[in-house]
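Since the structure comes first, as structure tokens, the remarks are kept for the end.
The values are calculated or read from the model by the stated rules, or taken from the named source; none is laboratory data. No experiment lies behind these values; they were computed from the predicted model shown. Quick reminder, even Gly has a Cβ in these numbers, built from the backbone with ideal geometry, and neighbours come from all protein chains shown.
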């Protein structure tokens with residue numbers, strides 16, 4: 001990654017880097033070949049320069065077909081056998097042509113040959129003698145085995161050094177693409193996080209006034225009937241507002257704070273509704289669980305608010321019953337209340353509160369909850385499961401069917 005970033009910061013484009021790399025390769029190769037072989041042949045550098053230029057054309061015919069034809073069409077597609085056969089055929093053709101070229105150059109190395117402008121008689125004679133003494137060539141038998149071994153090694157070395165070059169080039173292109181995708185992903189995540197943050201702010205801003213409006217309306221109802229409980233209700237309301245100001249802006253709070261808020265909220269509503277119906281809130285949460293388990297604030301309150309608002313007080317068995325159970329791998333919350341089916345339908349009357357809860361669950365706990373809302377005769381029921389391990393959501397259907405077999 002750091003290498004790619006360093007390359008990205010260079011003031012050159014990819015094709016410019018490749019051009020410079022090719023120039024560097026050919027210049028280095030030319031200097032090494034001319035000086036090395038020219039020195040071996042008693043300083044016959046002029047002839048070696050001509051030889052390199054001609055052999056360079058054949059080397060180019062070996063290198064670039066491998067880089068831009070055989071490699072992308074066969075090697076990169078993992079057709080290794082086809083690549084090996086094609087490479088051997090290309091090498092064999094290259095070695096044959098280089099051999100014929102060297103044979104032509106030796107026999108043209110004379111004052112009357114086509115290279116007479118660079119011919120140096122004394123050095124040419126010493127060069128030919130050196131080749132013969134080294135066992136590479138003889139006027140009678142032509143090139144010997146040592147020559148063919150050397151030229152084969154040279155061609156194979158040049159050929160196979162180009163494949164790693166292309167591997168490095170592909171690595172660069174791949175990692176450059178990965179860097180670009182990573183940067184794009186980071187930008188998308190940042191944008192999504194910003195959108196999520198703004199939406200959460202909106203939902204929280206929406207929850208507070210919605211709760212406050214309903215609470216004030218309830219206190220106003222008490223005032224209209226001249227209830228002596230107005231003072232107590234206002235005291236409870238101030239405690240509820242303290243909770244909202246203290247914890248309502250947090251993303252997550254300890255479960256104990258939510259339970260305490262629910263108990264105060266029930267007390268407030270019992271005061272406002274003057275105990276018109278039975279309200280029960282049972283939980284089996286231990287002290288350690290209350291401290292360690294975290295949930296979004298005011299997550300459960302809208303369900304109670306909905307129950308108080310729409311409960312049928314004329315029902316002979318009017319009630320609001322709720323339970324909160326903490327299990328090893330999930331939390332289960334349920335609440336049910338009586339209602340008049342003719343005057344209320346959840347599909348049209350559930351309002352902002354529960355809709356707000358759903359959206360907050362999707363933002364805070366995606367794939368980590370299951371919410372079930374049902375209407376059975378005159379009972380409205382909500383079941384909420386919060387998974388303590390997100391992976392358990394894969395088994396949500398099994399757990400739900402086990403807990404609510406008749407739903």
Output the number of residues of the range 71-118 satisfying the condition of being touching a helix residue (DSSP H, G or I) at 6+ places or on another chain (Cβ under 8 Å) and within 15 Å of residue 59 (Cα to Cα). 10
Identify all residues within the range 43-60 that are exposed (fewer than 15 other Cβ atoms within 10 Å of the Cβ) and either at pLDDT below 75 or touching a strand residue (DSSP E or B) at 6+ places or on another chain (Cβ under 8 Å) (or both); write none if there are none. 43
Sole miss for residue 310 among (1) within 27 Å of residue 231 (Cα to Cα); (2) modelled with pLDDT of 85 or more is condition (2)
So residue 315 passes all but one of these: (1) at pLDDT 85 or above; (2) out of contact with any helix residue (DSSP H, G or I) (no Cβ under 9 Å at 6 or more places or on another chain); (3) outside any helix (DSSP H, G or I). Which condition number does it fail? (1)
Does residue 34 satisfy the condition of being within 24 Å of residue 95 (Cβ to Cβ) and at pLDDT below 85? yes
When the residues of the range 364-377 are filtered to those that are crowded, with 16+ Cβ neighbours inside 10 Å and not in a strand (DSSP E or B), which remaining residue is modelled with the lowest pLDDT? 364
Quickly run through the range 248-263 and pick out the residues that are assigned to a helix (DSSP H, G or I) and more than 15 Å from residue 302 (Cβ to Cβ). 255, 256, 257, 259, 260, 263
Tell me the residue from 178, 169 that is at pLDDT below 75, part of a helix (DSSP H, G or I), farther than 22 Å from residue 89 by Cα and out of contact with any strand residue (DSSP E or B) (no Cβ under 8 Å at 6 or more places or on another chain), please. 169
State which residue is modelled with the highest pLDDT when the search covers only the range 271-297 and only residues that are more than 22 Å from residue 368 (Cα to Cα), surrounded by 19 or more Cβ atoms within 10 Å (Cβ to Cβ) and in contact with a strand residue (DSSP E or B) (Cβ under 7 Å, 6 or more places away or on another chain). 279
Helices (runs of 4 or more DSSP H) contained in the range 45-133 and holding at least 3 residues closer than 20 Å to residue 167 by Cβ: 45-65, 80-107
Residue tally, condition closer than 22 Å to residue 155 by Cβ and without any contact (Cβ under 8 Å) to a residue 12 or more places away in the chain, over the range 109-140: 1
